Amino acid sequence: MTRDTEVFSKMDPFCKLQMRDQTYKTKVLNGAGKKPKWNEMWEIDVKYIGDDLYIECRDEDVTSSDEIGVATIKLSSLCAGGGMDEWFDLTYKGKKSGTIHLKGVFTPHGAQPAAPQMQQQKQP
């Protein structure tokens, strides 16, 4: 991430993923600063591949949380070719505020389920 919401300490980042009636939240990484790595996995039920996946990264504070950046991704990108392994830009007020790395495996209904993995790391 390039945007830092803290002046005197390191950020405590977390992300929320939302689509239709599903919401997921990563754990808060206390003191991770601008280089968090979540390495979390979820099974997402994709009902309509034309829907968007909305990702919001925030810095948790005692009374509230500050926005670091957001990204909107078409769910079809998670399903095309059996999955994906891509970097997406995060933006804050129209300006790039970092990148987020998503990996996903698409498994059709009835097959052994697999889940995407979300992590934030330095872009190669």
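The values are calculated or read from the model by the stated rules, or taken from the named source; none is laboratory data. Fair warning: this is a prediction, and the values are worked out from it, not measured in the lab. Glycine gets a Cβ as well: all are built from the backbone with ideal geometry, and neighbour counts include every protein chain shown.
Table for the structure above
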{"read-out": "Test result for residue 65, at pLDDT 90 or above and either exposed (fewer than 13 other Cβ atoms within 10 Å of the Cβ) or of a type in the set (Gly, Ala, Ser) (or both)", "value": "yes"}
{"read-out": "Selection status of residue 94, of a type outside the set (S, T, N, Q) and either within 12 Å of the chain's Cα centre (by Cα) or modelled with pLDDT of 85 or more (or both)", "value": "yes"}
{"read-out": "Unmet criterion (only one of (1) in contact with a Ser or Thr (Cβ under 8 Å, 6 or more places away or on another chain); (2) part of a strand (DSSP E or B); (3) of a type in the set (Phe, Trp, Tyr)) for residue 38", "value": "(2)"}
{"read-out": "Flag for residue 30 being surrounded by fewer than 16 Cβ atoms within 10 Å (Cβ to Cβ) and in contact with a strand residue (DSSP E or B) (Cβ under 6 Å, 6 or more places away or on another chain)", "value": "no"}
{"read-out": "Residues within region 77-98 that are surrounded by fewer than 15 Cβ atoms within 10 Å (Cβ to Cβ), farther than 22 Å from residue 33 by Cα and of a type in the set (Gly, Ala, Ser), tallied", "value": "3"}
